[in-house]
Structure formats: structure tokens, C-alpha cells
1. Taking region 50-75 only, how many residues are in a helix (DSSP H, G or I) and either exposed (fewer than 12 other Cβ atoms within 10 Å of the Cβ) or touching a helix residue (DSSP H, G or I) at 6+ places or on another chain (Cβ under 6 Å) (or both)?
2. What tally of residues in region 1-30 results from selecting those that are over 13 Å from residue 42 (Cβ atoms) and surrounded by 13 or more Cβ atoms within 10 Å (Cβ to Cβ)?
3. Within region 296-314, how many residues turn out to be under 25 Å from the mean Cα position of the chain (by Cα) and in contact (Cβ under 8 Å) with a residue 12 or more places away in the chain?
4. Could you look through region 100-158, keep only residues that are within 25 Å of residue 244 (Cα to Cα) and part of a loop (DSSP other than H, G, I, E, B), and pick out the one that is farthest from the chain's Cα centre (by Cα)?
5. Residues that are farther than 23 Å from residue 266 by Cα and either assigned to a helix (DSSP H, G or I) or within 18 Å of the chain's Cα centre (by Cα) (or both): does region 84-98 have at least one?
6. Please work out which one of (1) in contact with a strand residue (DSSP E or B) (Cβ under 7 Å, 6 or more places away or on another chain); (2) touching a residue at least 60 places away in the same chain (Cβ under 8 Å) is the condition residue 5 fails and give its number.
């Protein structure tokens, strides 16, 4: 089979490129050419991918010789590259992963349910009031699938409400920025996270509704006050309680005990804020589209959401 150029072209926006299925049948482990000019091995079978991800022989560190950089950029070195959780191997990865695992234990995640329900309910109420009651169409991504995951992860981390809109528009958390601006936006986000971490280390634990650290925080505070008074807090479900965010927990449980350094907490929080944000936004939108294209399944979920929603979520995230 000819040397394929990666990434492949989609024929339909909501389906993977058909070349994946062809390779899975004819050449499940194949060599591809990347936009950077580098070559890489592409795995298309589930069992091969699982084996590769769990293999100690493969590295996630971009400084490793032969690392398959997808896009052209200067090769990272020991002086210009700061490793994160997702670019570390072995014991160092395990050490940082353990620090996060402690803060995302099942019982801790269950405690977030009320807060997550509140954010979702607030978004749906806003859509109903602004659009449904007026008989107007709306953009699902703009009104729900983008802001809801952003608001939830910001509340979990402990980002002040006045900064959430700025983070979603002007930093690396945005989903529609040109690639040449990505590195600058990453640096802006790292500096912002650094300020949040420093404020926690200094003992200034910030209320979710106050203490914005981003540009225009004072003006955006009014938006947070409006939500606090008329939205989330009025739900009575506890989602707007002063929440001890991830930053505060890492400072208290890891930094003050000597397990993590300040810069390691900054990198961990950066990874939590950025990892999976776009994937979750796309997953929610594709789940809704899947239901609209499969009316029988849509009716099942509507009739008995508690019975069918878990299976729907599992299938759409598979």
C-alpha cells in the first residue's frame, strides 16, 4: 500500500475518514507521512493501540529521538521545554498522576454531581428563556456544548467566575484559534494559572464569584454577580457554594507537604484545564446529532432517560 499522508480527509464531518477502516483490514500497522515531514507508525486496531499505550518501550516525551512531531516547530530541548503530565514517562508520570488521582477519587467526583447538574440546568434554562419560549433557533455549540464543559472544569479547578469568558475566548482553551497563535495563547494561559497558584500559596483562597485574575475581571464581576443572584445559586442544589477548587487542594495536600513543587502544580492545573476540553465539546454535539439521526433511540431516551441515557453516553464516548 502507498505511503499515506496523515491526517486523512473526512468524507462526512461526523464520520471518521474511511481510510481508517481500509487500513484496519489491509494494513493495521502502517507508516504515514506527517505535515511536519516526519514519518510515524499508525495503529488502527483497538488491541494494538492498548498495547502501545501501556508499553514502557514507547515514550510520550517530545525530546525523545525520533518522536513523531505532527507539525513543524523547533525541536524541544532540555532548556526550552517544560514537561507535563502527558509528556512524562515512567516513575515521574506516575508521581504526578498519583497527585491528581487523589483529587479525582470516585467519592470526590460524586460530590461534584450537584454542581454539574446546576451548571447544566442553568444553561438549559437560559436556552429555554432566550430561544425556545420565543420560538427562535439557537446554536447548540455556542449556547451549550462549549460553555457547559468550560464552566464545569473552571469550577472544579477553582477559576473565578469573572475570568471564565475570557479564558474561553482569548487563551489556549478557545477552540477556533489559528495555529500560529496557539503558542502565544498557551503562554498566556500558563501565566494566568501561575497567578492563581501563587494566590493560593500565599493564602488568598479565592471565592468562585470573585477574585478574577484575567483582563477585564472587574467588569466581568457583574456577570458573575448576576449568575450568582439569578442563576446557579437560586437552584438550591449547592452548585454555587464556595467550592474548594483543585488548585487549593493541590496546594494544601501536595505543595505544603513537600510532594509537589510550585511549577509542577502549575503544569498539572494547565493540563486539567486543556486536556479533553475540545473533545468533550465535540462529543456532546455529536451525541445530539446521533439522536436526531436515530429517531427510535431518541424516543427511547425521552421516554425513560434514566434507563437509556447511560448507554447513550457510553456509546457516544466509545
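The values are calculated or read from the model by the stated rules, or taken from the named source; none is laboratory data. Keep in mind the model is a prediction, meaning the values are calculated, not measured. Note that we place each Cβ from the backbone using ideal geometry, even for glycine, and neighbour counts take in every protein chain shown.
1. Initially, region 50-75 is screened for residues in a helix (DSSP H, G or I), giving 50-53.
Filter once more, so that each one left must be either exposed (fewer than 12 other Cβ atoms within 10 Å of the Cβ) or touching a helix residue (DSSP H, G or I) at 6+ places or on another chain (Cβ under 6 Å) (or both): 50, 53.
Residues in region 50-75 being in a helix (DSSP H, G or I) and either exposed (fewer than 12 other Cβ atoms within 10 Å of the Cβ) or touching a helix residue (DSSP H, G or I) at 6+ places or on another chain (Cβ under 6 Å) (or both): 2 in total.
2. Counting residues in region 1-30 that are over 13 Å from residue 42 (Cβ atoms) and surrounded by 13 or more Cβ atoms within 10 Å (Cβ to Cβ) gives 1.
3. The qualifying residues number 2.
4. Among residues in region 100-158 that are within 25 Å of residue 244 (Cα to Cα) and part of a loop (DSSP other than H, G, I, E, B), the one farthest from the chain's Cα centre (by Cα) is 111.
5. Step one: of region 84-98, the residues farther than 23 Å from residue 266 by Cα are none.
No, there is no match, as no residue in region 84-98 is farther than 23 Å from residue 266 by Cα and either assigned to a helix (DSSP H, G or I) or within 18 Å of the chain's Cα centre (by Cα) (or both).
6. (2)
Here's the yes/no breakdown for (1) closer than 17 Å to residue 250 by Cβ; (2) modelled with pLDDT of 85 or more; (3) not assigned by TED's automatic domain parsing to the domain that holds residue 38:
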{"site": "61", "(1), (2), (3)": "no, yes, no"}
{"site": "65", "(1), (2), (3)": "no, yes, no"}
{"site": "71", "(1), (2), (3)": "no, no, no"}
{"site": "81", "(1), (2), (3)": "no, no, yes"}
{"site": "85", "(1), (2), (3)": "yes, yes, yes"}
{"site": "89", "(1), (2), (3)": "no, yes, yes"}
{"site": "94", "(1), (2), (3)": "yes, yes, yes"}
{"site": "109", "(1), (2), (3)": "yes, no, yes"}
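Rundown of residues vs (1) crowded, with 18+ Cβ neighbours inside 10 Å; (2) in the same structural domain as residue 147 (by TED's automatic domain parsing); (3) without any contact (Cβ under 8 Å) to a residue 24 or more places away in the chain; (4) more than 23 Å from the chain's Cα centre (by Cα), yes/no style:
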| residue | (1), (2), (3), (4) |
| --- | --- |
| 257 | no, yes, yes, yes |
| 261 | no, yes, yes, yes |
| 264 | yes, yes, no, no |
| 268 | yes, yes, no, no |
| 271 | no, yes, no, no |
| 280 | yes, no, no, no |
| 285 | no, no, no, no |
| 290 | no, no, no, no |
| 294 | no, no, yes, yes |
